[in-house]
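The values are calculated or read from the model by the stated rules, or taken from the named source; none is laboratory data. Remember, it's a predicted structure, so these values are computed and weren't measured experimentally. Positions of Cβ are generated from backbone atoms using ideal geometry, with glycine treated the same way; all protein chains shown enter the neighbour counts. These area figures cover heavy atoms from the full protein model, side chains too; ligands, DNA and RNA do not enter into them. Shrake-Rupley method; radii C 1.70, N 1.55, O 1.52, S 1.80 Å.
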Amino acid sequence: MRTSRLRLRLAVLAAVTLVLPLPAAVSQAAPKRPAPSAPSAAPTALIPKPVSQLTVKGQKFTLTSRTRIAVLSKKAPAVAVGTYLSKTLAPATGYSLPVVKDKRVPKNAIVLDPNGPKELGAEGYTLLSGKQRVVVKAHGAEGLFRGVQTLRQLLPAAVESGTRQSRAWTVPPVKISDGPRYGYRGVMLDVARRFFTVSQVKRYIDQAAAYKMNTLHLHLTDDQGWRIAIDEIPDLTKIGASTQSGHTGGTDWYYTAEDYKEIVSYAKSRFMTVVPEIDGPGHTWSALASVPKLNCDDKARTPYTGFDVGVSLYCLSDAQHTANMTDFLKTVIKAVADLTPGPYIHVGGDETPQATPEQYATYVKAASETTTAQKKTVMGWHQLGQAELPAGSLMQYWGEEDDRETIGTSKESEKIRFARDGAAQKAKFVMSPSDHAYLDMKYDVSTPYGLSWSGYVPVQRSYEWDPTTATAKLDGTGSVVPADQIAGVEAALWADRAYEGSNALPTPATRWPSATEYAEYMSFPRLPALAEVGWTPQAGRDWKNFRQRLAQHGPRWTAAGIGYHPAPGIPWPGTVKTVEGAHSVVTGGKALDNRGSTSDGTAMVLYAPNRGSNQTWTFTKQSDGTYTLTNKTSGKCAQASGGAGTAIVQRACNSEAAQRWKVTERGDGDYTLASTGGLLLTGASATNGAAVTVQENTGSPLQSWSID
Ligand code: TNX
């Protein structure tokens, strides 16, 4: 329903603003080196990419000390967006940018008009810029706020600076009409494993809102900590909040009701809804440490600071303790619901290995009845699907590609079965596939923090997926969750391993970055990738185009002081690329891999990128301008074993013709690698284990390689 209504809305929106479909070259960001035939590069690099963007004739708009922000409404929420914009632009520009509400719009103005047609929907907007003004039009304040984020990105990167920069502040002439693919676009912070202070949470809210995310999911409770004060049960914070993963002795590692309200209202000012999560029946050690009667022996547990999951469970094995748990949930959920204006309470439900199906169902019944009694909608991890759910519940799916492989086989995975059960109950779904949307997964083998149980998640992987096939077979058919039951997307920043050297357990010498440092390193640049997955129509998304735009955001983050990870594979401005040296070589999102073999004659394959030594190739320039490629694991060279169609093998390096590769830039950031006779290095398919051969130039995307 949601999707079709949206589509209709966007169709109407396009008609209303008379925006024509764009030739690709116009809508795309500036290529690093424009192809000779391309028109002058469009100067924008918007993320998420708008539904429609035209470069229009006319002159650029210049923001000056005389610019006014004209809000065409006296309504407080719209005026607040004007004030927000003024405050956001003030530090870098040094201009006061007064907000005016008169009907007469001053000469040089940013006009915020919330009286746009209803067809724009709550979040849609149009933006038109020219010499005299920039006009953002929406149907209400929320759409204005989304449009204002676009406007920020149309200004130079230095506008994100916290200190005054002296330079010209211009907006190119553009015409944009835009609206989201999905209504739910979330980020999750695991404040239980690693506590984020109120100001750290606010900083993350601003960062997510800049990419049009509209939901903040706070994972408030887990084994390692309870982070929300509940008046009736002070021990939950006195005892339950004294720990984090790897830490003890906290006295203020929780949010008071006032703190939580402050977060909620700050999020609201950025048009983000807070979803509080009270996890259960597993992930409850901090509650079991604080409330004795939740344990079968009525004895409180010692608080937990470890790194495991699946270690705890409410006592659900007799009527008395089940009643204790139900009372506990009633108190907690009522308190949290009272502080939460948003529609959802997330009741967890993940990883409860010791619970019998009956015990699990008992928990879900208690949690959902309590939530419903507070007039809130139940949200939970996809495991909830196995139990009976109230109508309209929202499941959060976190399965991965391995699960998709099992669909329709006799060994269908539990995740798929639970998703199927939830879908059959007409639940809606938020997609957080762990191998794309889990921000705690390492980018590659060199990432200092996080985990890799769902594989490495390089930026390309966080970008290249489609929510409508997250529960489909690998060929994209047979989706377990129908498209019209998909509410959106969420990026989840777990924090079990928010320390350096996370491949091992921490020692007293381990460095623990601040929660902000961890969050920014893991979220940037992947959060913007996931924001675009949730916002931009699938047909408008393309990795090569995205990575060019993404690169232009590096300077914005630098100006804003965001400690991002300058991930390989993105043409960050100012980084001079040399082919000479060690690289990974990637096509179709898979890397050239020697299978970790040291033997002569092993055939190369494609595999998920990890930047390990098996995927590291040293390019050495030869006197004729070609390169040899030496594998770091084997010290052997990549060699074409024969003519067209033959495999690439590794052999002791000898610099002979079959080991020489001519490396040519394609103009889109990628390269071709040609062997003797011009045969091109070619992947057989973008799947793990696919063969790599030399072939005639067919124009196949699997002959286009990034050298990162
Ligand atoms: C699984 S997936 C969890 C979390 C961990 C995370 C670490 C899910 C709902 N639960 O408890 O923090 O993996 O990656």
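I'd like the full set of residues that are within 16 Å of the ligand (Cβ to nearest atom) and either of a type in the set (Lys, Arg) or out of contact with any helix residue (DSSP H, G or I) (no Cβ under 8 Å at 6 or more places or on another chain) (or both), limited to the stretch 454-468. Write out each step before concluding.
Within the stretch 454-468, the first condition is being within 16 Å of the ligand (Cβ to nearest atom), and the residues that meet it are 454-457, 461-462.
The answer is Tyr456, Arg461.
In the stretch 202-239, how many are within 16 Å of the ligand (Cβ to nearest atom) and not charged (D, E, K, R)?
Within the stretch 202-239, the first condition is being within 16 Å of the ligand (Cβ to nearest atom), and the residues that meet it are 217-227.
Add one more test, that the residue is not charged (D, E, K, R), and what stays is 217-221, 224-226.
Within the stretch 202-239, residues that are within 16 Å of the ligand (Cβ to nearest atom) and not charged (D, E, K, R) number 8.
Please determine whether any residue of the stretch 469-479 is surrounded by fewer than 24 Cβ atoms within 10 Å (Cβ to Cβ) and within 12 Å of the ligand (Cβ to nearest atom).
Initially, the stretch 469-479 is screened for residues surrounded by fewer than 24 Cβ atoms within 10 Å (Cβ to Cβ), giving 469, 472-479.
Checking the rest, the ones that are also within 12 Å of the ligand (Cβ to nearest atom) come to none.
No: zero hits.
Within the stretch 229-255, work out how many residues are over 26 Å from the mean Cα position of the chain (by Cα), over 13 Å from Pro303 (Cβ atoms) and open to solvent by less than 50 Å² (accessible area, probe 1.4 Å).
The total comes to 3.
How many residues does the stretch 480-496 contain that are within 16 Å of the ligand (Cβ to nearest atom), open to solvent by 10 Å² or more (accessible area, probe 1.4 Å) and among the charged types (D, E, K, R)?
Total meeting the criteria: 1.
What are the residues in the stretch 625-667 that are in a strand (DSSP E or B), buried (at least 20 other Cβ atoms within 10 Å of the Cβ) and among the polar types (S, T, N, Q), if any?
Across the stretch 625-667, the qualifying residues are Thr628, Asn631, Gln639, Gln650.
Would you check which residues across the stretch 258-287 are outside any loop (DSSP other than H, G, I, E, B), of a type outside the set (D, E, K, R) and within 16 Å of the ligand (Cβ to nearest atom) and list them? Quick ask: steps written out before the conclusion?
From the stretch 258-287, those outside any loop (DSSP other than H, G, I, E, B) are 258-269, 273-277, 285-287; that's our starting set.
Checking which are of a type outside the set (D, E, K, R) leaves us with 260, 263-267, 269, 273-276, 285-287.
Within the stretch 258-287, Val275, Pro276, Trp285, Ser286, Ala287 qualify.
Does Val445 satisfy being surrounded by fewer than 24 Cβ atoms within 10 Å (Cβ to Cβ) and under 18 Å from the mean Cα position of the chain (by Cα)? Give the steps one after another, and end with the answer.
Values: surrounded by fewer than 24 Cβ atoms within 10 Å (Cβ to Cβ): yes; under 18 Å from the mean Cα position of the chain (by Cα): no.
No: the conditions fail for Val445.
Report every pair of residues separated by at least 6 positions or lying on different chains whose Cβ atoms are under 6 Å apart, first residue within the stretch 432-444 and assigned by TED's automatic domain parsing to the domain that holds His217 and among the small types (Gly, Ala, Ser), second near the ligand (Cβ under 8 Å from one of its atoms) and in a loop (DSSP other than H, G, I, E, B).
Going by the 6 Å Cβ cut-off, the qualifying pairs are Ser432/Trp398; Ser434/Trp398; Ser434/Ser454.
If I ask for residues that are in a helix (DSSP H, G or I) and open to solvent by 30 Å² or more (accessible area, probe 1.4 Å), which ones from the stretch 536-558 would you list? Give the steps one after another, and end with the answer.
Residues of the stretch 536-558 that are in a helix (DSSP H, G or I), as a first pass: 538-540, 543-551, 554-558.
Once the filter is applied, which keeps residues that are in a helix (DSSP H, G or I) and open to solvent by 30 Å² or more (accessible area, probe 1.4 Å), the stretch 536-558 yields Gln538, Ala539, Lys544, Pro555, Thr558.
Could you identify the single residue in Thr377, Thr340 that is within 26 Å of the chain's Cα centre (by Cα) and open to solvent by less than 30 Å² (accessible area, probe 1.4 Å)? Please lay out each step first, then the result.
Values: Thr377 fails: open to solvent by less than 30 Å² (accessible area, probe 1.4 Å).
Checking each option against the conditions leaves just Thr340.
Please verify whether Val364 is under 23 Å from Val291 (Cα atoms), touching a strand residue (DSSP E or B) at 6+ places or on another chain (Cβ under 8 Å) and within 16 Å of the ligand (Cβ to nearest atom), treating the condition exactly as stated. Even if it seems obvious, please write down each step before you answer.
Values: under 23 Å from Val291 (Cα atoms): yes; touching a strand residue (DSSP E or B) at 6+ places or on another chain (Cβ under 8 Å): yes; within 16 Å of the ligand (Cβ to nearest atom): yes.
Spelling it out, Val364 is indeed under 23 Å from Val291 (Cα atoms), touching a strand residue (DSSP E or B) at 6+ places or on another chain (Cβ under 8 Å) and within 16 Å of the ligand (Cβ to nearest atom).
Okay, residues lined up against (1) within 16 Å of the ligand (Cβ to nearest atom); (2) under 30 Å from Glu258 (Cα atoms):
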position: Ala90; (1), (2): no, yes
position: Val134; (1), (2): no, no
position: Ala141; (1), (2): no, yes
position: Arg152; (1), (2): no, no
position: Asp190; (1), (2): yes, yes
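Of the residues Val134, Val111, which single one is free of Cβ contacts under 8 Å to residues at least 60 places away in the same chain and of a type in the set (A, V, I, L, M, F, W, C)?
Details: Val134 fails: free of Cβ contacts under 8 Å to residues at least 60 places away in the same chain.
Step by step, each of Val134, Val111 is checked, and only Val111 is free of Cβ contacts under 8 Å to residues at least 60 places away in the same chain and of a type in the set (A, V, I, L, M, F, W, C).
Between Pro357, Pro292, Pro353, which is surrounded by fewer than 18 Cβ atoms within 10 Å (Cβ to Cβ), over 18 Å from Leu220 (Cα atoms) and within 16 Å of the ligand (Cβ to nearest atom)?
Working: Pro357 fails: within 16 Å of the ligand (Cβ to nearest atom); Pro292 fails: within 16 Å of the ligand (Cβ to nearest atom).
Pro353 is the lone residue from the list that is surrounded by fewer than 18 Cβ atoms within 10 Å (Cβ to Cβ), over 18 Å from Leu220 (Cα atoms) and within 16 Å of the ligand (Cβ to nearest atom).
Of all residues in the stretch 408-418, which are more than 13 Å from the ligand (Cβ to nearest atom) and in a helix (DSSP H, G or I)?
Pass one, the stretch 408-418, residues more than 13 Å from the ligand (Cβ to nearest atom): 408-413, 416-417.
Selection gives Ile416, Arg417.
Residues are listed down the side, and each one gets a yes or a no for (1) in a loop (DSSP other than H, G, I, E, B); (2) modelled with pLDDT of 95 or more; (3) within 15 Å of the ligand (Cβ to nearest atom):
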position: Asp421; (1), (2), (3): no, yes, no
position: Tyr449; (1), (2), (3): yes, yes, yes
position: Thr507; (1), (2), (3): yes, yes, no
position: Glu532; (1), (2), (3): no, yes, no
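Specify which of the listed residues (Ser265, Ser269, Ser312) is within 27 Å of Leu216 (Cα to Cα), buried (at least 19 other Cβ atoms within 10 Å of the Cβ) and polar (S, T, N, Q).
Details: Ser265 fails: buried (at least 19 other Cβ atoms within 10 Å of the Cβ); Ser269 fails: buried (at least 19 other Cβ atoms within 10 Å of the Cβ).
Unique residue meeting the criteria: Ser312.
Being open to solvent by 10 Å² or more (accessible area, probe 1.4 Å), within 23 Å of Lys60 (Cβ to Cβ) and not in a loop (DSSP other than H, G, I, E, B) is the filter here, so list the residues in the stretch 100-128 that pass it.
Result: Val100, Asp113, Thr126, Leu128.
Are any of the residues in the stretch 162-184 within 16 Å of the ligand (Cβ to nearest atom) and over 28 Å from Ile110 (Cα atoms)? Before the answer, list the steps.
So in the stretch 162-184, the residues within 16 Å of the ligand (Cβ to nearest atom) come out as none.
Within the stretch 162-184 (the criterion being within 16 Å of the ligand (Cβ to nearest atom) and over 28 Å from Ile110 (Cα atoms)), the answer is no, since none of the residues qualifies.
For the condition open to solvent by less than 50 Å² (accessible area, probe 1.4 Å) and among the hydroxyl-bearing types (Ser, Thr, Tyr), what is the one hit in Thr83, Thr93? Break it down into steps so the answer makes sense when it comes.
Values: Thr83 fails: open to solvent by less than 50 Å² (accessible area, probe 1.4 Å).
Result of the check over Thr83, Thr93: Thr93.
Could you list, in sequence order, all residues of the stretch 430-445 that are more than 11 Å from the ligand (Cβ to nearest atom) and part of a strand (DSSP E or B)?
Val430, Met431
Taking Ala515 as the residue in question, decide whether it is over 30 Å from Ala419 (Cα atoms) and within 16 Å of the ligand (Cβ to nearest atom). Spell out how you get there, then give the answer.
Numbers: over 30 Å from Ala419 (Cα atoms): yes; within 16 Å of the ligand (Cβ to nearest atom): yes.
So Ala515 passes the test.
Which one of these is farther than 30 Å from Leu550 by Cβ, touching a residue at least 24 places away in the same chain (Cβ under 8 Å) and outside any loop (DSSP other than H, G, I, E, B): Thr618, Thr672, Thr693? Please lay out each step first, then the result.
Values: Thr618 fails: farther than 30 Å from Leu550 by Cβ; Thr672 fails: farther than 30 Å from Leu550 by Cβ.
None of the others qualify; the one that does is Thr693.
What is the residue count in the stretch 502-532 for residues that are more than 30 Å from Pro180 (Cα to Cα) and open to solvent by 10 Å² or more (accessible area, probe 1.4 Å)?
Residues meeting the conditions: 11.
Scan the stretch 304-328 and report the pairs whose first residue is in the same structural domain as Ile230 (by TED's automatic domain parsing) and within 16 Å of the ligand (Cβ to nearest atom) and whose second residue is among the acidic types (Asp, Glu) and open to solvent by 20 Å² or more (accessible area, probe 1.4 Å), with Cβ atoms within less than 8 Å and a gap of 6+ or a chain change.
Val309/Glu351; Gly310/Glu351
Just the residues that are under 17 Å from Asp542 (Cβ atoms) and in contact with a Pro (Cβ under 6 Å, 6 or more places away or on another chain), please, taken from the stretch 436-468.
Pro458, Val459
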